[in-house]
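The values are calculated or read from the model by the stated rules, or taken from the named source; none is laboratory data. In this text the structure is predicted, and so the values were computed from the model without any measurement. Here Cβ is always computed from backbone atoms with ideal geometry, including for glycine, and neighbour counts include all displayed protein chains.
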Amino acid sequence: MPIVRIDLVEGQSPEYRTAITEEVYKAMTTALNVPANDRFMVVSEHKASDFVADPTYLGIERSPQCVMVQITLNVGRDVDMKRTFYKALADGLHARIGLRREDLFINLVEVAKENWSFGNGIAQYA
């Protein structure tokens, strides 16, 4: 049931953006038990002047190539699952597109199941 929003600085190739979505989906299905075919994602590119990621917050050296991934999903995953997901995604993006682990910012937003409608004006999981 997640919806994924991926934000990055403009100028990346379609293959780069596709690789990010594929790696996010792979990490979600393997580490967070997201069901197959539960794939709802939006990739947005921004002018460098409209994309702010502090370059040193918490002592992490971020480059202008930072990628922000925000996932809204059902409440219920424990901290170990989330840690496994964070690592799997950072490792997957590093291996596939060379994204520095320091340049991946992830935010999980947990909501109750009744907060979803997948179509037809119906709360399918309420």
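Observations, loosely collected:
- Pick from segment 13-34, criterion of a type outside the set (A, V, I, L, M) and assigned to a loop (DSSP other than H, G, I, E, B), ranking: modelled with the lowest pLDDT: Asn33
- Matching residues in segment 89-125 - criterion: being part of a loop (DSSP other than H, G, I, E, B) and loosely packed, with under 13 Cβ neighbours inside 10 Å: Gly98, Ala112, Ser117, Phe118, Gly119, Asn120, Gly121, Ile122, Ala123, Gln124
- Hey, Gln12 surrounded by 15 or more Cβ atoms within 10 Å (Cβ to Cβ) and over 15 Å from the mean Cα position of the chain (by Cα) or not: yes
- Given (1) within 14 Å of the chain's Cα centre (by Cα); (2) surrounded by fewer than 16 Cβ atoms within 10 Å (Cβ to Cβ); (3) closer than 26 Å to Ser117 by Cβ, number of the condition Ala36 does not satisfy: (1)
- First in segment 85-99 and without any contact (Cβ under 8 Å) to a residue 40 or more places away in the chain, second anywhere and surrounded by 16 or more Cβ atoms within 10 Å (Cβ to Cβ) and not in a helix (DSSP H, G or I), Cβ under 6 Å, 6 or more apart: Tyr86/Ile106; Ala90/Leu104
- Residue within segment 36-52 that is at pLDDT 95 or above, among the polar types (S, T, N, Q) and farther than 30 Å from Ala126 by Cβ present: yes
- Subset of segment 68-88 [of a type outside the set (A, V, I, L, M), in contact with a helix residue (DSSP H, G or I) (Cβ under 6 Å, 6 or more places away or on another chain) and not in a strand (DSSP E or B)]: Thr84, Phe85
Rundown of residues vs (1) buried (at least 16 other Cβ atoms within 10 Å of the Cβ); (2) free of Cβ contacts under 8 Å to residues at least 40 places away in the same chain; (3) more than 14 Å from the chain's Cα centre (by Cα), yes/no style:
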position: Tyr25; (1), (2), (3): yes, yes, no
position: Phe40; (1), (2), (3): no, yes, no
position: Val43; (1), (2), (3): yes, yes, no
position: Ser49; (1), (2), (3): no, yes, yes
position: Tyr57; (1), (2), (3): no, yes, yes
position: Val69; (1), (2), (3): yes, no, no
position: Gly76; (1), (2), (3): no, yes, yes
